[in-house]
1. Do any residues in the stretch 56-77 that are within 11 Å of Ile44 (Cβ to Cβ) have Cβ atoms under 6 Å from those of residues that are modelled with pLDDT of 90 or more and surrounded by 13 or more Cβ atoms within 10 Å (Cβ to Cβ), where the two are at least six apart or on different chains, and which pairs are they?
2. In the stretch 3-28, which residue that is under 12 Å from the mean Cα position of the chain (by Cα) and not in a loop (DSSP other than H, G, I, E, B) is farthest from Glu53 (Cα to Cα)?
3. In the stretch 42-76, which residues are part of a strand (DSSP E or B) and not basic (Lys, Arg)?
4. Test Gln15 against the criterion of being loosely packed, with under 10 Cβ neighbours inside 10 Å and at negative phi, and give yes or no.
5. Failed condition for Lys79, given (1) assigned to a strand (DSSP E or B); (2) of a type in the set (Lys, Arg); (3) loosely packed, with under 10 Cβ neighbours inside 10 Å, with all others met?
6. Check whether at least one residue in the stretch 29-41 is assigned to a loop (DSSP other than H, G, I, E, B), surrounded by 10 or more Cβ atoms within 10 Å (Cβ to Cβ) and β-branched (Val, Ile, Thr), and report yes or no.
7. Looking only at the stretch 46-68, which residues are of a type in the set (S, T, N, Q) and surrounded by 12 or more Cβ atoms within 10 Å (Cβ to Cβ)?
Amino acid sequence: MLDKLKELNEMRKLQADLKRDLEQIFHTEEKRGVKIVVRGDKRIEKIEVDGEENRELRDAINQAMKQIDKKIQKQMRGKLKGLGLPDL
């Protein structure tokens with residue numbers, strides 16, 4: 001039992017480390033006056049349209065992505081339980 005808890009804690013630490021690493025990866029894409037900076041965790045860091053930052057659009061996209069992530073996690077939890085695997 002203790003081995004399982006230790007293993008679970010190690011997996012959670014690894015997950016946190018990976019998340020932190022992904023947050024440090026950036027990609028910038030520019031096309032027709034629109035510039036988007038995306039992090040490795042697929043969050044929008046910055047959106048500029050014709051040189052002006054659009055925070056409302058950035059926030060709306062990130063909120064939509066956050067909500068879809070929650071829905072995916074909920075669905076995956078159900079599948080993990082069906083397989084007898086622990087929640088992460």
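The values are calculated or read from the model by the stated rules, or taken from the named source; none is laboratory data. Predicted, not measured: the structure shown is a model, and the values here were computed from it. Reconstructed Cβ throughout: ideal geometry from the backbone, glycine too, with neighbour counts over all protein chains shown.
1. If the second residue must be modelled with pLDDT of 90 or more and surrounded by 13 or more Cβ atoms within 10 Å (Cβ to Cβ), the pairs left are Leu57/Ile47; Arg58/Ile44; Arg58/Ile47; Ile61/Ile44; Asn62/Arg43; Asn62/Ile44.
2. Among those residues, the one meeting the criterion is Gln15.
3. As a first pass, look at the stretch 42-76 and keep what is part of a strand (DSSP E or B): 44-49, 52-53.
Within the stretch 42-76, Ile44, Glu45, Ile47, Glu48, Val49, Glu52, Glu53 qualify.
4. no
5. Only one criterion is unmet by Lys79, namely (1).
6. Within the stretch 29-41, none of the residues are assigned to a loop (DSSP other than H, G, I, E, B), surrounded by 10 or more Cβ atoms within 10 Å (Cβ to Cβ) and β-branched (Val, Ile, Thr).
7. Our first condition is that a residue be of a type in the set (S, T, N, Q); within the stretch 46-68, this holds for 54, 62-63, 67.
Hits for the stretch 46-68 are Asn54, Asn62.
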